[in-house]
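Structure record follows, encoded as structure tokens.
Since every read-out is calculated from the coordinates, none of them should be taken as a lab result. Computed from a predicted structure; not experimentally measured. Here Cβ is always computed from backbone atoms with ideal geometry, including for glycine, and neighbour counts include all displayed protein chains.
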Amino acid sequence: MLNTLLPINSVVDFGYGQGAWLSVWGKAGAREMGVDGPYVNQQHVMIDADEFYAADPSQSIELGLCFFLLKIRASAVKIATLSQ
């Protein structure tokens, strides 16, 4: 439904698990990218292997791409706070 209101053509999901949320966007025509740790078993994910980026979530992640929609699972990403 959101895609009918906004033309979302690219989605990235940090901590995507099996990729169920991403697979829905892929079926709707969006370019999808799942970012998670290298421990993810690729045999059980719901997106193509070339749409997966293995990364250490405790480190800075640079994809070199821009995405229209972003989803982050809080436990998957180390969130830095800025001190003043």
(message) Could you compute how fast segment 2-72 diffuses translationally, taking Rh as the Kirkwood radius over C-alpha pairs and applying Stokes-Einstein at 25 °C with viscosity 0.890 mPa s? Give it in µm² per second.
(response) 199
(request) Calculate, in nm to one decimal, what residue 46 and residue 10 gain on full extension: separation in residues at 0.36 nm each, minus their alpha carbon distance. (result) 11.3 nm
(request) Give me the distance in nm between label points sitting 7 Å out from Cα along the Cα-to-Cβ direction at residue 70 and residue 39, one decimal. (result) 2.4
